[in-house]
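One structure is given here, and the rest of the page talks about it.
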Amino acid sequence: MARLGRPRVVGIDEVGRGCLAGPVVAAAVLLRPGFNLAGIDDSKKLTASRREQIFSQLVAAGNAIGIGVVSAVEIDRINILEASLQAMIKALVLLNRDCDLVVVDGRQRLPLNLPQYPLIRGDSLCLPVAAASIIAKVIRDRQMFYYDHLFPQYGFARHKGYGTIAHRRALTRHGSSSLHRQTFTFKAVE
């Protein structure tokens, strides 16, 4: 028997796929009925301070959130696409909510027997996916700030593990750390 009322849509997104260091982090978000907050958008379109504000509001409003993290070591073992999918599955499992549809940012379907819809640019087109992109980005950025204290020579607080010129220069000078993805290649910079 079909459930009457608003469909329960979970949005899923990940961050950190293109980085040279650090984990890939995914978030699954089920917005509570009636939740409305101006300014939710693709995390890449927002400033860090605005992402933090929206993150706090999403959490304080009691929205259901699941987080999945896959380490650089695991990324090297299974590849970045599989790691991204695993992070999304972990996030969905930890969300632990029934839903009518899972909207996944991107082209990939999750290897789960759930109603799902892959949506390219979902973080710009679907509110729950945009919320998931903000949650995942804030969580990962906070992790990279923490890692910056452990490995200050790489500047993780500034570039979050992405392959910036400064990061590639640090890799040329210091070699890789345990947070670096050993299967990723980068162009050295002097």
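Nothing in this text is a laboratory measurement; each read-out follows from the coordinates by a stated rule. As the structure is a prediction and not an experimental result, all values here were calculated from the model. Here Cβ is always computed from backbone atoms with ideal geometry, including for glycine, and neighbour counts include all displayed protein chains.
Within the stretch 101-190, which trypsin sites (Lys or Arg not before Pro) sit in a loop by DSSP and count at most 11 neighbouring Cβ atoms inside 10 Å?
Values: sites: 107, 109, 121, 137, 140, 142, 158, 160, 168, 169, 173, 181, 187; in loops: 107, 109, 121, 160, 181, 187.
Within the stretch 101-190, the qualifying trypsin sites (Lys or Arg not before Pro) (loop, at most 11 other Cβ atoms within 10 Å) are 107, 121, 187.
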Stretched fully, the stretch from residue 44 through residue 57 gains (0.36 nm per residue minus C-alpha distance, one decimal, in nm) 2.9 nm
If each residue of separation counts as 0.36 nm, what is the full-extension length gain between residue 186 and residue 100 once their alpha-carbon separation is subtracted? 26.8 nm
For the stretch 9-174, what proportion of DSSP beta bridges, expressed in % and rounded to the nearest 5, is antiparallel? 60
Please give every one of the lysines within straight-line cross-link reach of residue 90, meaning a C-alpha to C-alpha distance under 24 Å, and leave out same-chain neighbours fewer than 8 residues apart. 44, 137, 160
Burial order of peptide ranges 61-67, 148-154, 126-132, 111-117 (average beta-carbon count within 10 Å, highest first): 126-132, 61-67, 148-154, 111-117
Which one is right for this structure if Cα extents along the principal axes in Å is calculated from it: (1) 46, 38, 28; (2) 62, 33, 24; (3) 56, 34, 26? (2)
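Quick one: length gained pulling residue 124 to residue 79 fully straight, 0.36 nm per residue minus the C-alpha distance?
Working: separation 45, 0.36 × 45 = 16.20 nm, distance 2.62 nm.
Answer, rounded to one decimal: 13.6 nm.
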Cα centre as origin, Lys/Arg/Asp/Glu Cβ charges: the chain dipole, Debye: 220
Choose one of 9, 53, 129: the residue whose Cα lies farthest towards the positive end of the charge dipole of the stretch 9-174 (beta-carbon charges +1 Lys, Arg; -1 Asp, Glu; about the Cα centre). 53
